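Colleague: The structure's right below; bear with me while I get my questions together.
Every number in this text was worked out from the coordinates using simple rules, so none of it is lab data. Quantities reported herein were computed from a predicted structural model and do not represent experimental measurements. No Cβ is skipped: glycine too gets one built from the backbone with ideal geometry, and neighbour counts run over all protein chains shown.
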Amino acid sequence: MSKLNLSIAIGDYDRNRPLIDGTVQMDGVDPVFMTLSPEEIFFRAFRAQEFDICELSLSSSTVKTAQGNFPYVGVPAFLSRAFRHTCIWVRTDRIRKPEDLKGKRIGLPEYQLSAMVWARALLEDDYGVKPSDIIWVRGGIEEPGRPEKIKLTLPKDVRLDSAPEGKTISGMLASGEIDAFMAPRAPSLPVNTPNVGWLFPDPVAAAKDYYKRTKIFPIMHIVGVRRTLAEQHPWLPGAVLKAFEQSKARALSHLDETSATKVTLPFVEERLREARDLMGHDYWSYGVEPNRHVLEYFFKHHHAQGLSPRLVKPEDLFHPGTLESFKL
């Protein structure tokens, strides 16, 4: 049987690199890899379905699944995960604690980004700051005029304004035109911009406390397989998950090799031990069952924030062939 020649668009992360360089093979697939930024992959995938297999935003995938027009099927390989305590920047001359954000103007690049869903959930559940308490201002981080990838119908009590023409949310934060900034990337600021800093001065300590209380390691990105391909080749989503699992395992084995550190950063061995002490050996788990509580929490807030017209379940998003695997 000849292999399927498929385009695969993913980020150039250590957990993907064994797949990209061919060390790990995907059963039945002759891949053409494109390593692109998440913004480019998501824009091209959701606007024109350009890739056969690709990294996808969990939030955008949930929107489309709830609407019944998701052109991909999900695979629970969570290529990006992050605690989002570092994604909220504030004017420190105005905002001293999360509760101070009520009634303030927060800039963001797109309202429905996964990181924004998680950050709003954090503010609401831990500090009582609801989305309706904020005036949201949408604009590009570094380039003005960034649109939402997906058309949204937000609750009537949520105010979402567009940044003034020609302005970015980074520039508006620096000038004081907005009170805070929320995005997956740090603001692009002039050197030594005064009165700007993280909302959480020690975001690592805040994230550790959050994990101890919730056992949630937020999921940002999943993998998608073009729906028509999955229908034609029902074995394909399972093969994709297997390959990404093997690739991640190989990347983690490199982190364990400490005679010559594979990452250009000091204290990697110590941070690895610290993460495993807090979160367990498989701290970056793939698969639905180890992450069901994380996914269900996300779907609950996604729906409550008005982004999905119905409450999505993991079984709605992910292909049946990825929900369980064989055991020896």
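Colleague: Report the far tail of the P(r) of the chain, meaning the percent of Cα-Cα pairs longer than 24 Å. Before the final figure, lay out each step's value.
Modeller: Numbers: 30414 of 53628 pairs.
Taking all Cα-Cα pairs of the chain, the fraction more than 24 Å apart is 57 percent.
Colleague: Moving on to the next point. With Rg and the Kirkwood Rh both taken from Cα atoms, where does Rg over Rh land for the stretch 87-214? All intermediate terms of the calculation are to be shown ahead of the outcome.
Modeller: On the way: Rg = 14.0 Å, Rh = 14.8 Å.
Answer for the stretch 87-214: 0.94.
Colleague: Please list, or write none, the lysines whose alpha carbon is within less than 21 Å of the alpha carbon of Lys104, excluding same-chain residues fewer than 8 places away.
Modeller: Lys130, Lys156, Lys167
Colleague: So which helices of the chain fit the span-like rule, where a helix is a whole DSSP H run, its Cα atoms reach 27 Å or more along the axis, and its mean Kyte-Doolittle is at least -0.5? Walk me through the numbers on the way to the answer.
Modeller: Values: long enough: 236-256 (31 Å, -0.01).
Taking the DSSP H segments of the chain (at least 27 Å long, mean hydropathy at least -0.5), we get 236-256.
Colleague: Among the aspartates and glutamates, which have Cα under 13 Å from the Cα of Lys102 when same-chain residues fewer than 8 positions away are ignored?
Modeller: Glu124, Asp133, Asp179
Colleague: Can you spot the lysines whose alpha carbon is less than 18 Å from Lys151's alpha carbon? Ignore those fewer than 8 places along the same chain.
Modeller: Those lysines meeting the cut-off are Lys64.
Colleague: In debye, nearest 20, what is the charge dipole magnitude of the stretch 73-114 about its Cα centre with +1 on Lys and Arg Cβ and -1 on Asp and Glu Cβ, if you could check?
Modeller: 200 debye
Colleague: Can I ask one more? Could you order peptides 275-283, 176-184, 197-205 by the average number of other Cβ atoms within 10 Å of their residues, highest first?
Modeller: Numbers: 275-283: 12.9, 176-184: 22.3, 197-205: 15.2.
Ranked from most to least packed, the peptides come out as 176-184, 197-205, 275-283.
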